[in-house]
Amino acid sequence: MVDVFTEITINSPISKVSEYAANPDHAPEWYVNIHSAEWKTPKPLALGSQIAFKAKFLGRELAYVYEIVEFKPGKKLVMKTVNGPFPMETTYTWQAIDDKRTRMTLSNKGNPTGFNKLLSPFIATMMRKANMKDLKKIKDILEKQ
């Protein structure tokens, strides 16, 4: 089991942070490894929405579809893979520290299969590093707006 949890404080109001982060169209801007996001269902984001992502991780090109399984605007977003190389659940949460600062968490849980199962400890370490880069990037983007 891979279970990675990361968090960061962003000097921006919770509404701005959560609206930006929860919009899949922004994912290629702040996720270091994601190259594209394509809606498979009509906008706006809602339970059951599906988004296809293309990414590169550990030197491999990945294509997978996430489905929104929980969405509480301004509080929490949970996505699970519908298909892809490795069953995964990604969760974002947002918590107002005060009017101008937000704590954002990003967690990934999954059960690698096949060859990836042998690499679980390495995958978790690399995911944690990538998640921190992603959170630092979204922080930088939002604090400059």
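Exactly one condition in (1) closer than 20 Å to K136 by Cα; (2) polar (S, T, N, Q); (3) touching a strand residue (DSSP E or B) at 6+ places or on another chain (Cβ under 6 Å); (4) at pLDDT 95 or above is not met by N33; state its number.
(4)
Please give the number of the condition A130 fails out of (1) over 14 Å from the mean Cα position of the chain (by Cα); (2) closer than 21 Å to I8 by Cβ; (3) modelled with pLDDT under 95.
(1)
Which residues, taken from region 71-108, are farther than 20 Å from I138 by Cβ and either out of contact with any helix residue (DSSP H, G or I) (no Cβ under 6 Å at 6 or more places or on another chain) or small (G, A, S) (or both)? Give the steps one after another, and end with the answer.
Our first condition is that a residue be farther than 20 Å from I138 by Cβ; within region 71-108, this holds for 80-87.
If the condition is that a residue be farther than 20 Å from I138 by Cβ and either out of contact with any helix residue (DSSP H, G or I) (no Cβ under 6 Å at 6 or more places or on another chain) or small (G, A, S) (or both), then K80, T81, V82, N83, G84, P85, P87 are the ones that fit.
When you scan region 1-38, how many residues do you find that are assigned to a helix (DSSP H, G or I) and aliphatic (A, V, I, L, M)? Break it down stepwise before answering.
We begin by selecting, within region 1-38, every residue assigned to a helix (DSSP H, G or I); these are 14-21, 24-30.
Now restrict to residues that are aliphatic (A, V, I, L, M): 14, 17, 21, 27.
Summing the residues that are assigned to a helix (DSSP H, G or I) and aliphatic (A, V, I, L, M) in region 1-38 gives 4.
Out of all the residues in region 13-46, which are touching a Ser or Thr at 6+ places or on another chain (Cβ under 6 Å) and farther than 21 Å from N83 by Cβ?
I14, V17
Within region 34-77, which residues are among the polar types (S, T, N, Q), surrounded by fewer than 17 Cβ atoms within 10 Å (Cβ to Cβ) and touching an Asp or Glu at 6+ places or on another chain (Cβ under 8 Å)? Can you show your working first?
First, the residues of region 34-77 that are among the polar types (S, T, N, Q): 36, 41, 49-50.
Now narrow it down to the ones that are surrounded by fewer than 17 Cβ atoms within 10 Å (Cβ to Cβ): 36, 41, 50.
Passing the criteria: only Q50.
In region 64-78, which residue that is in contact (Cβ under 8 Å) with a residue 24 or more places away in the chain and not in a loop (DSSP other than H, G, I, E, B) is nearest to I8 (Cα to Cα)? Full working, then the answer.
Step one: of region 64-78, the residues in contact (Cβ under 8 Å) with a residue 24 or more places away in the chain are 64-66, 71, 73-75, 77.
Among the residues that remain, those that are also not in a loop (DSSP other than H, G, I, E, B) are: 64-66, 71, 77.
Values: Y64: 26, V65: 26, Y66: 23, F71: 20, L77: 16 Å.
Ranking the qualifying residues of region 64-78, first place goes to L77.
Output the number of the condition that V82 fails; it satisfies all remaining conditions of (1) more than 20 Å from A130 (Cβ to Cβ); (2) of a type outside the set (G, A, S); (3) buried (at least 17 other Cβ atoms within 10 Å of the Cβ).
(3)
Evaluate region 102-117: report whether one residue or more is of a type in the set (D, E, K, R) and farther than 19 Å from D3 by Cβ. Step through it out loud before you land on a result.
First, the residues of region 102-117 that are of a type in the set (D, E, K, R): 103, 109, 117.
Okay, now just the ones that are also farther than 19 Å from D3 by Cβ, so 103.
There is at least one residue in region 102-117 that is of a type in the set (D, E, K, R) and farther than 19 Å from D3 by Cβ.
The values are calculated or read from the model by the stated rules, or taken from the named source; none is laboratory data. Please read these numbers as outputs of a predicted model, since none were measured by experiment. Cβ sites come from the backbone with ideal geometry, for glycine too, and all protein chains shown count toward neighbours.
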